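Read the structure below first, then the notes.
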Amino acid sequence: MSLIKYIDRKGTDCFKWDGLKNSFSRGDLLPMWVADMDFEVPECVSRGLRKYIDQGAFGYYFTPDGYYDAFISWEKKHHGYEVKREWMRFAPGVVPAFNWLVQILADKGEPVAVMPPVYYPFMKAVENNGRRLVNVPLLHTPDGYVMDHKAFEEAIIREGVKLFIFCSPHNPVGCVWKKDEIKRVLDICSRHRVFVISDEIHHDIVMSGHEHVPAATAGDKAGEYDDILVTLTAATKTFNLASVQNSIAVIPNEDIRAKWDAFTQGISVSSGNAFGYIAVRSAYEEGRPWLEELLGVIEGNYRYLRNRLEDELPKVKVTELQGTYLMWIDLSAYMDPEDLKAGGMERLMEDECGIAADYGSWFGGDGYAGFIRLNIATCRENIEFAADRIIAALKK
C-alpha cells in the first residue's frame, strides 16, 4: 500500500488551488506554481496532531526537548551536520527568517548579493528592507548551471558586498551543489568578511545520484565557516508542512545569535505554535519511509515530463533536476522574443495550456522570460495533463 496519497485540495482554502485569481488571469487553471505538495502528510504527523487535539486544551505550549533532539538527530544522520541545540532558533518560515537576517546583518543601503535566476523572495527581501541588490547570475553552460566564482568575487570587491543569500539546493534551477563548489564560494565570502545566509529548505528533496552538502560542512575542518554563516531550513518542503509555520535558523556564531535574539525580542516572536512543533517533531522522528517513497514519485514525474517534452518538442530545454520538486524549463525556442516582452508566456500557459506556472521573469528579470518553473509534486494525471497541453500548444 502506497504511503503517498494524492489529495484534491480545491475548496479547502488552499492558497495554491483556491488563490489562483490573486496571481493569474482566472481561477480554473491547473496550479503548478506554489512550492507545496498535493500529497497527504505522513501518518505519523497526523497521529501526533490528533493526539494533541484529543487532549482538548490549547493553552500556552512549552517546546519539549524531543523537538530539538529530533532535528539534531535528522541532520546528523541524513546530512552529516552536527548541530548544537544552543545554535537553534525558531522562525515562522524561512522567508521571514532571511528577511530578519537581511536587517540584522546588513545596514540600510548596504549591498546584498544573490545569484539569479533565484527564488524571487530573496530579491524582495533585499529591496523591501532598503538594502541594495547585487545580482551575480549563474552561468548557463551546456552541462547545466554553475556558479560564476570569478564574477562573484569581483562583484564583492567592486560593490562592497556585506551579505550573500545562497540557495542550496538551488531554486529554481534544481542544482544540488557539490562540496567543492560550495567551499569556493564560502572561501570567497570568508576572505572578504561577507556574511552568508544559506537557504537549505529543499535539502531533503534530492534525486538519486546526488547528495546535499550543508554549507556548514563544506570546509576542510569542522566549523570553518561558523563565524560568517547562518543556515535556514525546515521540514516544510520535505513533509508538506508549510501551514504549521515552523522553521529553524542554525546560528553557530554567538554574536549573530545575540543580534538575532535582540531582534526577535523586539518584535516579540521567539517561539511558534504547538501544532508546528508537534508536526515537525513527528515527521523527523518517524517520517523517513514516507520521504523515501515520495522521492521516487517526484523522480518518476520528472522523468515522465522531461521525456515527453524532449521527445515531442526537441527544441525545449529541460534543466536536469538534481534537487527540489521544481522543474526549470526553457521554452524560448518556440516563443517570439517580442511576444515574450508583451506577455506571450502568460497567454501561452494560461489561455492555451490552462496551467498556472511560475514565470521565469519572476526569478531575475526579462532574461529569463522564456522559462517556466513547474511544481511536479502532484499526481501523475496532473503531470500528464501538463505535458499534453504544453505539447499541443507549442506544436500548434
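The values are calculated or read from the model by the stated rules, or taken from the named source; none is laboratory data. Predicted model, so just to flag it, every value in this text is computed and none were measured. Cβ placement follows ideal geometry from the backbone for every residue including glycine, while neighbour counts extend to all protein chains displayed. These area figures cover heavy atoms from the full protein model, side chains too; ligands, DNA and RNA do not enter into them. Shrake-Rupley method; radii C 1.70, N 1.55, O 1.52, S 1.80 Å.
Here are some notes:
- Sites HIS140 and ASP28, calculated FRET efficiency, Cβ-Cβ separation with R0 30 Å, nearest 0.05: 0.30
- Charge sum, other residues only, whose C-beta stays under 11 Å from ASP227's C-beta, Lys/Arg counted +1 and Asp/Glu -1: -3
- For PHE166, the residues whose modelled amide H falls within less than 5 Å of its own, excluding neighbours fewer than 5 places apart on the same chain, are ILE197, SER198, ASP199.
- Of ALA235, ALA155, ALA262, the one that fluctuates the most in a GNM where the chain has Cα springs shorter than 10 Å: ALA262
- Cα gyration tensor shape of region 254-396, rounded if a/c is under 1.5, else prolate or oblate by comparing a/b with b/c: oblate
- Translational D in µm²/s for region 1-66 (Stokes-Einstein at 10 °C, 1.306 mPa s, Kirkwood Rh from C-alpha pairs): 106 µm²/s
- Förster radius 45 Å - calculated FRET efficiency between GLU292 and LYS108 (Cβ-Cβ, nearest 0.05): 0.45
- Spatially proximal aspartates and glutamates relative to LYS77 (Cα-Cα < 17 Å; intrachain offsets below 8 disregarded): ASP69, GLU200, ASP204, GLU211, GLU285, GLU286, GLU292
- Heavy-atom SASA rank of ASP227, ASP13, ASP199 (probe 1.4 Å, accessible area, largest first): ASP13, ASP227, ASP199
- Region 335-396, relative contact order in percent, only Cα pairs under 8 angstrom and at least six apart counted: 30 percent
- Normalised by the number of residues in the chain, the average gap of Cα pairs under 8 Å and 6 or more apart makes the relative contact order 22 percent.
- Å² of accessible area per residue within the chain, as computed with a 1.4 Å probe and no ligands counted: 43 Å²
- Over the chain: Kirkwood hydrodynamic radius from C-alpha pairwise inverse distances, Å: 21.9 Å
- Estimated at 0.36 nm per residue, the fully extended path between ASP227 and LYS124 surpasses their Cα-Cα distance by 34.5 nm.
- R0 of 41 Å, Cβ-Cβ distance GLU352-GLU254: FRET efficiency to nearest 0.05: 0.15
- HN-Hα J in Hz across region 306-316 - Karplus 6.51, -1.76, 1.60, θ = phi - 60°, x for Gly and Pro: 4, 5, 4, 5, 6, 6, 9, 10, x, 8, 6
- Applied to region 271-276, the Karplus parametrisation 6.51 cos²θ - 1.76 cosθ + 1.60 on θ = phi - 60° returns per-residue 3J(HN,Hα) values of 8, x, 8, 4, 4, x Hz, with x for Gly and Pro.
- In terms of distances greater than 24 angstrom between alpha carbons, the cross-link table entries LYS108/LYS259; LYS178/LYS221; LYS16/LYS396; LYS76/LYS124 yield LYS16/LYS396; LYS76/LYS124.
- Distances between placed amide hydrogens fall under 5 Å for SER271 paired with no residue 5 or more residues away or on another chain.
- Centre separation in Å (Cα based) which lies between region 140-194 and region 255-321: 21 Å
- Once the mean of 1/r is taken over each pair of separate Cα atoms and inverted, region 14-144 shows a Kirkwood hydrodynamic radius of 19.3 Å.
- Test item: Cα-centred dipole of region 20-166, Lys/Arg +1 and Asp/Glu -1 on Cβ, debye: 340 debye
- Mean projected area (nm²) of the alpha-carbon convex hull when region 87-146 is viewed from all directions: 5.1 nm²
- Remark: the ARG191-SER73 segment gains 39.3 nm on full extension, using 0.36 nm per residue and subtracting the alpha carbon distance.
- Max mean-square fluctuation residue, GNM over the chain, Cα-Cα springs under 10 Å, options GLU153, GLU86, GLU350: GLU86
- Within the chain, DSSP assigns beta bridges of which about 55% are antiparallel (rounded to the nearest 5).
- Mean silhouette area of region 204-322, derived from the convex hull of its C-alpha atoms and averaged over all directions, reads 10.8 nm².
- Once backbone amide H atoms are built at 1.01 Å from N, MET88 has ILE251 as its partners under 5 Å, excluding neighbours fewer than 5 places away on the same chain.
- Fraction of accessible area attributable to carbon and sulfur, the chain (%, probe 1.4 Å): 48 percent
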